[in-house]
Structures are given as C-alpha cells and as structure tokens.
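First the structure, in the form of structure tokens, and then the observations on it.
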Amino acid sequence: MDDYFSSEEEEEYCSDRDALDGLENDDPDYDWVPPKGPSTKVITKESLLCAQRGDLRRVMELLSLREHHARTLLIHHRWDVEKLLAVLVERGKACLFADAGVPLTEDQDLSLPRHSTSTVMCDICMEDIPGQITTRMDCSHCYCNDCWTEHFIVKINEGQSKRIKCMAHKCNAICDEATVRDLVRRRHPDLANKFDRFLLESYIEDNKMVKWCPSTPHCGNAIRIEEDECCEVECSCGLQFCFSCLSEPHSPCSCLMWELWSKKCRDESETVNWITVHTKPCPKCHKPVEKNGGCNLVSCICGQAFCWLCGGATGRDHTWSNIAGHSCGRYKEDQEQKSERAKRDLYRYMHYHNRYKAHLDSFKLENKLRETIQEKVSASEEKESALRDFTWVTNGLYRLFRSRRVLLYSYPFAFYMFGEELFTDEMTDEQREIKQHLFEDQQQQLEANVERLSKFLEEPFDEYDEKKVMDVRMHVINLSVVTDTLCRKMYECIETDLLGCLALGTHNIAPYKSKGIERAAALNAKADESDKYLPLDFGKAGASELDRPSGSGSLDDSGRPTKRARTEGLVGALIDLNVPAGGY
C-alpha cells in the first residue's frame, strides 16, 4: 500500500512546531534534541564504487592488504567489517585468512614470478607448456593459461564469480581477480564484464545492510542502513518499504505476521473454511454439496444419496422415522468439534478482516481530503483575517494518515498475537486474555481519537468565522498530539509487554517514528583524496547495460534483456546498476 503523503509534505509537518510546543512540552523531563541527519543512504550507480571503497580502504589499511584480498575477506564476511574485526581478535589473522581463502603473506614465495621462464608441466592438461603462457597464483600453484581460462569461464557461468577457487586439489585460495579478468577478457570480453559486475554487485547482494529498492519498474537504486536492520525506509524514487522483507511498510505487524496475513487474504483458505462449515462431501465423488432444502436425505449431482446429518451413503427411501438402509444416531465427537472449530475460526478471521478492510478503505478515501483541504486553505488565505498560518491543517492531515496506518496494521497483528497459530506455547489462556484486553483498550482509544481527528479535518472551516476556525484549529492540534502519543504507547506496549516477553525473538517490528518513514539521503559519490592510491579495476573495458540489477528479474516489453552500447577503454568507468550481471 502506497503512502499517500509526499516527502515535501513530511518536511512541512515540522513547520507547525510553534503550535505544538505548548502541548508537547508539558512533560518536565522533555528536552528537545535537534534532529539528526538521515541514517539511511541511497546508493546510485555513481555512488556504489564510493560506498564499496570505504569498507575496502578500512580493511586494507588495517591489515596492509591488496584490494583483491581485502575484497575476498569482505565478501566472505558479507561486507560486515565489524564481524571481520571480531574474528580477527578472537581467532587471529591465520584463521581469518584461511577461512576466507586468502593466502598468508608469510607463506608466499614472493621471489617466484607469476610467469615462469622455463617449460612447465601443467598438472591439469598434463602437457609441457612454455613458461610464458602459464600463470602462478598467490597460493603458488601454476597451470597453463588455457586451463585457467576454461576454469574461470565455467565458474563465472555458474555464478561463482565472487569466490573462484584455485584448481589445485584441496586448495581453498581465492584466485586473483586481476588475473581472472585479464585471462577471460582475451577470449570473452563480455564475460569479463559480467565478472566485474558480479564483484561490484556483491556489495549489495551479500551485504545485509544494503538492499535493492523493490520498485517496479526498477529505479536502479539500493538502500544502505546504518543501524537497525528492522526498519522502514523511503527510496529517493518515492517508494516506501520494509527493509527486512521488502514488502510495503507494515508495522506494528512483524514481517512473519504480515506475510501470513497477506497470504491468508490472498489465497482461498477462508473459502475452504466456508465450505467446511456450510457443505458436506459426497461419499462417492467427494465433491462439496450444499443442502437447499429441509430434508436430511440429499442427493449429489453424481446420483449418490447420503445422509446430511452424518454424511454416510444411504438408500433412496426416506420416511418420518428413518432413512432406508441407514442409521446415524451415534454421536461422533471429532467431527462435531472439527465443524465448530472451523466455524469459530472463520468468524474470528471475519472480525479482524472486516475492521482491517474498513480502515484500509478509510485510508484510501481520506487521501481525497488532501485536494479538498488545499482548496479550503487557499479560500481561507484569501479572506481578510488575522489567522494566516494554516499549517496546522496539513500537519493534522499527515497525523491522520500516520495514525490510520498504525490502526490498519494493528488488526492483523492482534489476529496472530492473540490467536493460536504462532504463540500457542508462549502464553497461557489467562495471560493471553489479560494481554489482549490491555492491547484492545489502547487500540480502542486510538481508534476513537483518529475518528475524531478525521471528523474535524472534514469540517468546512473555510466557511467559518475566525472564532470557530480557532476552535477547530485547537481541536486538530490537540488530537494530533493525542494520536501521536497513543501510537507511541501502543508500540511500547507491543515491544515491551507483548513481543518483548516471548521466548523466541523472531518477531521484531520497525520502531515508531512520529515524523513518519525516513527518506534516505543520497550517498556522496565524490571520492575523497585518500582514494587516490586505491586501484580501480572495474570497468576497464566498459560495461554493457541492461534494465535491472540481478535479482530483480525484469525484462523489456519484448521479453528480452535490452543492451546498450558498450564503451571500450574507459579506465574507471562506472557500471550502471541497471545492468544485471546475468544478462551479458
């Protein structure tokens, strides 16, 4: 579900602080802190290399490594520098390097050239090869260039570009990327570009703190977060999404709850429940049969007659006292309980779904208020009145959207939090009942104030006199603060009293933010002076460009990847994020 408020309006929300200060600062412990800069960054095709270089430079300086070895370490640890450093401290440099496939500098014979001057026996093709056409890797294993090239081509086509191991038996060393690029480019230039692209995209594909924006069509951006992986973000293209599961923002639902709820609303599970409650299967063809009369002797379209009471096949004669060839006087507890349970589950789902759907409809309808309110504000500003600031209206509308969204997703949360599907063993029936009442009390308070706020915003204040407009203004400001406070308390209740006491911490929610989902700031693509010494291997032969990053899976209208012209010989040329590595 899209957020119906643009980022410009989110910024305007902050402009009515004068109106809200008197209400927000009632708390003696309140201490206003200047807002921090955005904690999320947008990585574009121009800034991807700069973002990757920051982590590479840090590891290179710390361990005195070449760029290739630093990248190998970071890819192995999924670009988590802190985890890499923790392994270094706990297990030492030798284990760190061995696990990642980086040869220790002390173990290398640096006097050996990469290309031998004498004839060498290649252990792969078992031929004597002139030393000039052989290559020695950092692990000291030397084979002919043809064998190396074939090995690299196979691995790149298999999607193992990021960690191509040496061909030697039981050797886990990762091959030098410059050597891979040089040998492959001689035979397949496009495949070498694909190799470069895999290495470049590894910063996004393997990094848990960076993910592609899930926009369709794809905007070509990725989002990098700085702190909590469980958060909701907004890309520079305007799309808002949950960073953890890449679906629409859904807090206070956890990702698992939202996934289950979406599936439940999308598939036919509730249709199956209705069929279970209102129909009986034919004992012959097993198709569901609905009774359309009072007689308990029913006939299926296949011709089979059966008893509606127990579902057993019968003869075709029916009297007041019995059905021919059949008696169903015995009580079957399991079948009765199954039917009652299905009916109860269906009614419970309908209760939560109806309220979820009602708030979803209200959310969409209230979006139309934006244009209406803008017209009202314009009409009010043309009047000769002392009241000239109408930002309280915009702020109130924004708060209405935020609070309505919280209410909207609170019903799927309650459905799973207090049901028997996820937390059967986590709470006793008594504990579940107490927590449900606590949550529903807060939900009810929020719901009442949201409806009041919606009512006041729909008032035709452009037709009112100044005194009545001031009255509406104070109600809107008060209710904006109240709904914000109630939303915050509901999140605290969920995080502390409900999810916080669970034994398994698998249900985390994005924290509540009064000013809404944070819009990611652009990452500065300008490399600093310290980058001068850092070699740039990517793009020496340019890069072909396609429509979408790998993993997004979008093609052009004809169903084929669309290529653009490849630029040759641009040292340090950027590789477009819209190019999928698998499309070369």
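The values are calculated or read from the model by the stated rules, or taken from the named source; none is laboratory data. Keep in mind that what you see is a predicted model, and the values were worked out from it rather than measured. Please note: Cβ atoms are built from the backbone with ideal geometry, for glycine as well, and neighbour counts cover all protein chains shown. What goes into the accessible areas is simple: the full protein's heavy atoms, side chains included, and nothing from ligands, DNA or RNA. Shrake-Rupley method; radii C 1.70, N 1.55, O 1.52, S 1.80 Å.
First measure r as the distance between the Cβ atoms of Lys291 and Ser339, then evaluate 1/(1 + (r/R0)^6) with R0 = 22 Å and state the FRET efficiency to the nearest 0.05.
Given R0 = 22 Å and the Cβ-Cβ separation, E is 0.95.
By the equivalent-ellipsoid construction on the alpha carbon gyration tensor, the stretch 349-509 comes out with semi-axes of 39, 15, 11 Å, ordered largest to smallest. Taking the three principal axes of the alpha carbon atoms in the stretch 48-100, the coordinate ranges are 31, 18, 15 Å, sorted in descending order. Under the convention that each Lys and Arg Cβ holds +1 and each Asp and Glu Cβ holds -1, the size of the dipole of the stretch 119-188 around its Cα centre is about 340 debye.
Here, the stretch 119-188 has an Rg and a Dmax of 11.4, 33 Å when only alpha carbons are counted.
Spatial offset of the stretch 227-259 relative to the stretch 347-424 amounts to 19 Å, using the alpha carbon center of each. When Tyr464, Tyr409 are compared by accessible area at a 1.4 angstrom probe, the order from most to least is Tyr464, Tyr409.
In this Cβ point-charge picture (+1 for Lys and Arg, -1 for Asp and Glu), the stretch 153-275 has a dipole of about 920 debye about its Cα centre.
Considering only Cα-Cα distances, which of the following residue pairs are longer than 24 Å: Lys45/Lys162; Lys287/Lys357; Lys383/Lys515?
Checking Cα-Cα distances, Lys287/Lys357; Lys383/Lys515 exceed 24 Å.
Output the pairs from Lys155/Lys211; Lys467/Lys513; Lys263/Lys376 with a Cα-Cα distance over 30 Å in this structure; if there are none, say none. Going by Cα-Cα distance, Lys467/Lys513; Lys263/Lys376 fall outside the 30 Å limit. For the stretch 349-509, the solvent-accessible area of protein heavy atoms averages 49 Å² per residue (probe radius 1.4 Å; ligands and nucleic acids excluded).
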